[in-house]
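Engineer: Please see the structure below; I have some questions.
The values are calculated or read from the model by the stated rules, or taken from the named source; none is laboratory data. Please read these numbers as outputs of a predicted model, since none were measured by experiment. Glycine gets a Cβ as well: all are built from the backbone with ideal geometry, and neighbour counts include every protein chain shown. We work out accessible area using only protein heavy atoms, side chains counted, and drop any ligands, DNA or RNA first. Shrake-Rupley method; radii C 1.70, N 1.55, O 1.52, S 1.80 Å.
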Amino acid sequence: MEKEIVYVIGHKSPDTDTVCSAIAYAAYLKKMGKLNAVPAVFGDINPETQFVLDYFKAKAPVKLESMAGQKLVLVDHNEKSQSPDGIEEAKVIEILDHHKINFICSEPIIVCAEPVGSTATLVAKKMMADKKFKITPQLAGLLVSAILSDTVVFKSATTTKTDIEIAKKLGVKAKIKNLKKFGIEIKKQKASLKGLDAKKIIYSDFKAFEAGGKKFGIGQIEVVELKEAKERKIELLEKMAEIVQKESFSFAALMITDIMNEGSEILIAGDIEPMEKAFNKKVVNGSVYLEKAMSRKKDILPPLMKAIE
Ligand SMILES: [Mn+2]
């Protein structure tokens, strides 16, 4: 009898790390006979990820509408607020992630979490440690793309030596001559805001959090110059104010990260005080520029959490 299907799935608003890690980890689990693993995705594939899938001629994961009743391996996230819908009625059997752990379960499960720049790094590490598994050029390409994407071509503060070492090995297997050049090519795919409405921009990579009894959301977009986003600031702030109302957030922020100049313009709707307190900077007309801030997880969240709690 076929073993029961286990979906390997990342977070909502899927990014390249979430999608490529799900594909590669499912391939690994299945090949090694560990699980009847199938990669899945919740939400639309963004242009950057589509570029990567096309480049390495990979199929997109199965699109699921609800996780209810499914057996799951979660990759690239563990907070239920970031999980696909129906997570409360699903059975999570394993977590592979590089974010802070905020997951409560009633049974023991497999958890692998390390503070590295991408989940793809952890997938590749597992594969490389397993002598019986051979990483195909396609899988290497998907994984190295995810590392380049999540670490913003090794510029993000989340980047570790392990990410760079593993990316180099994968780059060789995938026959990519210049990793940095390829990384910027990947990042540019998502960098244009043209043709996207404010809601799409805000939700393209949006995560909800809770701290000190308050709910808030932080979105992030990456651009190659701030001009285009700045021109749409009022429109974006209006939409964000609506989201604050609708979701009962205390505030919503949008990091507009300039990957060339390595800093972020932060737009804030709702309560601006936690942001001002966290970075000791005034929010002027709904925004503040933070130099060197490129990572939501490392540069923004910890000081913000501290300011809220
Ligand atoms: Mn990630």
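Engineer: Past 21 Å, Cα to Cα: identify those pairs from K155/K187; K80/K215; K30/K134; K100/K181, in the order given.
Structural biologist: Details: K155/K187 12 Å; K80/K215 13 Å; K30/K134 13 Å; K100/K181 30 Å.
Distance filter (> 21 Å) returns K100/K181.
Engineer: Given the rule -39500 (n - 2.57) for each run of at least 4 DSSP H residues, summed and divided by the residues of the chain, what is its mean residue ellipticity at 222 nm, to the nearest 500 deg cm²/dmol?
Structural biologist: It comes out at -11000 deg cm²/dmol, rounded to the nearest 500.
Engineer: Going down the table (K230/K281; K194/K281; K230/K298), which pairs top 21 Å between alpha carbons?
Structural biologist: K194/K281; K230/K298
Engineer: Given the whole protein assembly as supplied and a 1.4 Å probe, what does the accessible area of M127 come to in Å², nearest 10?
Structural biologist: Looks like 0 Å² after rounding.
Engineer: Taking the Cα centre of the range 198-308 as origin and charging only Cβ (+1 Lys, Arg; -1 Asp, Glu), how large is the dipole, in debye to the nearest 20?
Structural biologist: 300 debye
Engineer: Angle between the Cα long axis of helix 119-129 and the longest principal axis of the chain, 0 to 90 degrees, nearest 10?
Structural biologist: The helix 119-129 is inclined about 20 degrees to the chain.
Engineer: Then there is this: For the chain, modelled as a Gaussian network with Cα springs under 10 Å, which listed residue fluctuates most, V62, V284, V73?
Structural biologist: The residue with the greatest mean-square fluctuation here is V284.
Engineer: Rounded if a/c is under 1.5, else prolate if a/b is larger than b/c, else oblate: which is the range 215-309, with a ≥ b ≥ c the root eigenvalues of its Cα gyration tensor?
Structural biologist: Values: a/c = 1.71, a/b = 1.14, b/c = 1.51.
Here the range 215-309 falls in the oblate category.
Engineer: Continuing with the same structure: Quick one: Cα convex hull volume of the chain, Å³ per residue?
Structural biologist: It is 131 Å³ per residue.
Engineer: Kindly report the accessible area of the chain per residue (heavy atoms of protein chains, probe 1.4 Å, no ligands, DNA or RNA), in Å².
Structural biologist: I get 47 Å² per residue for the chain.
Engineer: Relative to a virtual label point 7 Å from the Cα of V283 in the Cα→beta-carbon direction, which members of the range 232-259 show backbone nitrogen distances below 11 Å?
Structural biologist: From the range 232-259, the list is 241, 250-254.
Engineer: Run the quick spin-label model on I104 and F133: label points 7 Å from Cα toward the beta carbon, then report their separation in nm to one decimal.
Structural biologist: About 3.2 nm, to one decimal.
Engineer: Let me ask something additional. Would you mind computing, in nm to one decimal, how far apart the modelled labels at L196 and I234 are, each placed 7 Å from Cα along Cα→Cβ?
Structural biologist: In this crude spin-label approximation the distance works out to 2.2 nm.
Engineer: Moving on to the next point. What is the angle, in °, between the Cα long axis of helix 179-188 and the longest principal axis of the Cα atoms in the chain? Nearest 10 is fine, range 0 to 90.
Structural biologist: 60 degrees
Engineer: Based on Cβ point charges of +1 for Lys and Arg and -1 for Asp and Glu, what charge dipole magnitude is obtained for the range 1-40 about its Cα centre, in debye rounded to the nearest 20? Mind dumping the intermediate values first?
Structural biologist: Working: 5 positive and 4 negative charges, 28 e Å.
So the dipole magnitude of the range 1-40 works out to roughly 140 debye.
Engineer: Oh, and also: Using per-residue counts of other Cβ atoms within 10 Å, averaged over each peptide, order 87-98, 224-235 from highest down.
Structural biologist: On the way: 87-98: 18.7, 224-235: 14.2.
My ranking of the peptides, most packed first, is 87-98, 224-235.
Engineer: K91 to K214: FRET efficiency via 1/(1 + (r/R0)^6), r the Cβ-Cβ distance, R0 35 Å, to the nearest 0.05?
Structural biologist: 0.70
Engineer: How big is the gap, in Å, between the Cα center of the range 233-282 and the Cα center of the range 135-168?
Structural biologist: 28 Å
Engineer: For the chain, with all protein chains present and a 1.4 Å probe, just round the carbon and sulfur fraction of the accessible area to a whole percent. Please report the intermediate quantities before stating the final value.
Structural biologist: On the way: 7640 of 14450 Å².
Exposed carbon and sulfur together represent 53 percent of the surface.
Engineer: Express in whole angstrom the spacing between the alpha-carbon centres of the range 30-102 and the range 178-201.
Structural biologist: After rounding, the separation between the Cα centres reads 22 Å.
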